[in-house]
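The values are calculated or read from the model by the stated rules, or taken from the named source; none is laboratory data. It should be emphasised that the depicted structure is a prediction, and the values quoted were computed from it without experimental measurement. When we count neighbours, we look across all protein chains shown, and the Cβ atoms used for this are built from the backbone with ideal geometry, even at glycine.
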Amino acid sequence: MQIHGLQKMTLLDYPEHVACTVFLAGCDLRCPFCHNFELVESIPAPVMDSEELLRFLAKRKGLLDGVAFTGGEPCMHPDLPELLRSVKDLGYPVKLDTNGMHPDLLEKLLREQLVDYVAMDIKNSPEKYAMTAGLPALDLSRIRESVDLLLSSSAFVEFRTTVIAEFHTAEDFSAIAQWIHGARRYALQCFTDRDSVPYAGLSAPAKEDLLSYAEILRPSADEVVIRGIDL
């Protein structure tokens, strides 16, 4: 497997862990607010392959205590389970970021206990999902299947939404709250504009709106967190 980016140490991507972040290319969504849009079409050249990654991780034992896999969409890669198994064999807990479009592979990872922490993006309410994902239409059945898998999983699961003023309303989060009822953690991530974001004109929500969205979600999740603003 080709690795298209590696952040050698982070305190942010895997909560409560000193981790590295592995970036895999390719994605089946086209979110207009994506911070890693260059990975969607595999534009950057690979920085290493999976064997080089494993050698790096073997040398970092004792310095790192976790590995986060993100993208793009990692679950687009059918050989992901093999790589995660090798990472687990080195003694590392694994965090996976996913958009939920590949429930079959996600189910395999959960069943074989190859992931310890899963963060799944919930782009918006079902009615506005395709628009927010940058697609003309989207069959949500695979997304719903992934949500159901994760709600019943023994892995630590976080659902999360990047909140954008132009895309999200209180009504959307009321619909999301019904959808993910029983979640362990829900994270609201305040949108930050960057040069890598493919569409101009998007903006962060007001702090008051984020706080109100958190209150809407709170009855449906054990924990609700807000990231990207000072509270």
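Selection of region 71-101 for residues being part of a loop (DSSP other than H, G, I, E, B), of a type outside the set (A, V, I, L, M) and more than 13 Å from the chain's Cα centre (by Cα) yields HIS77, PRO78, ASP79, GLY91, TYR92, PRO93.
For beta carbons closer than 9 Å, sequence separation of 6+ or different chains, a first residue in region 206-231 that is among the charged types (D, E, K, R) and a second that is at pLDDT 95 or above and not in a strand (DSSP E or B), the qualifying pairs are ASP209/ALA165; ASP209/HIS168; ASP209/THR169; ASP209/ALA170; ARG218/ALA177; ASP222/GLY182; ASP230/LYS207.
When each of GLU51, GLU41 is tested for being farther than 26 Å from ALA175 by Cβ, at pLDDT below 95, surrounded by fewer than 22 Cβ atoms within 10 Å (Cβ to Cβ) and not hydroxyl-bearing (Ser, Thr, Tyr), the lone residue that passes is GLU41. In region 65-120, the qualifying residues are those that are among the charged types (D, E, K, R) and surrounded by 21 or more Cβ atoms within 10 Å (Cβ to Cβ), and the one that is nearest to ARG227 (Cα to Cα) is ASP97.
Table: residues versus (1) in contact with a Leu (Cβ under 8 Å, 6 or more places away or on another chain); (2) under 22 Å from ARG160 (Cα atoms).
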site	(1), (2)
PHE33	yes, yes
GLU38	no, yes
SER50	yes, no
ARG60	no, no
VAL67	yes, yes
GLY71	yes, yes
LYS88	yes, no
PRO93	no, yes
HIS102	no, yes
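In region 16-38, the condition of being in a helix (DSSP H, G or I) and touching a residue at least 12 places away in the same chain (Cβ under 8 Å) is met by at least one residue. Of everything in region 3-15 that is touching a residue at least 40 places away in the same chain (Cβ under 8 Å) and not in a strand (DSSP E or B), the residue that is surrounded by the most Cβ atoms within 10 Å (Cβ to Cβ) is TYR14.
Working only within region 175-189, note down all residues that are of a type in the set (Gly, Ala, Ser) and touching a Leu at 6+ places or on another chain (Cβ under 7 Å).
Let us first name the residues in region 175-189 that are of a type in the set (Gly, Ala, Ser), namely 175, 177, 182-183, 187.
Passing the criteria: ALA177, GLY182, ALA183.
Every residue, every condition in (1) under 19 Å from LYS128 (Cα atoms); (2) at pLDDT 95 or above, yes or no:
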{"residue": "HIS168", "(1), (2)": "yes, yes"}
{"residue": "GLU171", "(1), (2)": "yes, yes"}
{"residue": "GLN178", "(1), (2)": "yes, yes"}
{"residue": "ASP193", "(1), (2)": "no, no"}
{"residue": "VAL197", "(1), (2)": "no, no"}
{"residue": "ALA200", "(1), (2)": "no, no"}
{"residue": "ILE216", "(1), (2)": "yes, yes"}
{"residue": "ILE226", "(1), (2)": "no, yes"}
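The set of residues in region 149-185 that are in a loop (DSSP other than H, G, I, E, B) and under 19 Å from PRO15 (Cβ atoms) comprises SER153, SER154, ALA155, ILE180. Among the residues of region 201-231, those that are touching a strand residue (DSSP E or B) at 6+ places or on another chain (Cβ under 6 Å) and loosely packed, with under 13 Cβ neighbours inside 10 Å comprise ASP222, GLU223.
Scanning region 183-202 turns up no residue that is touching a His at 6+ places or on another chain (Cβ under 8 Å) and of a type in the set (Phe, Trp, Tyr).
Of everything in region 123-138, what is touching a helix residue (DSSP H, G or I) at 6+ places or on another chain (Cβ under 9 Å) and under 19 Å from MET76 (Cβ atoms)? Give them in sequence order. Across region 123-138, the qualifying residues are LYS123, TYR129, LEU135, LEU138. Name the residues in region 190-223 that are farther than 25 Å from PRO32 by Cα and not in a helix (DSSP H, G or I), would you? Listed by number, the residues that qualify are ALA221, ASP222, GLU223.
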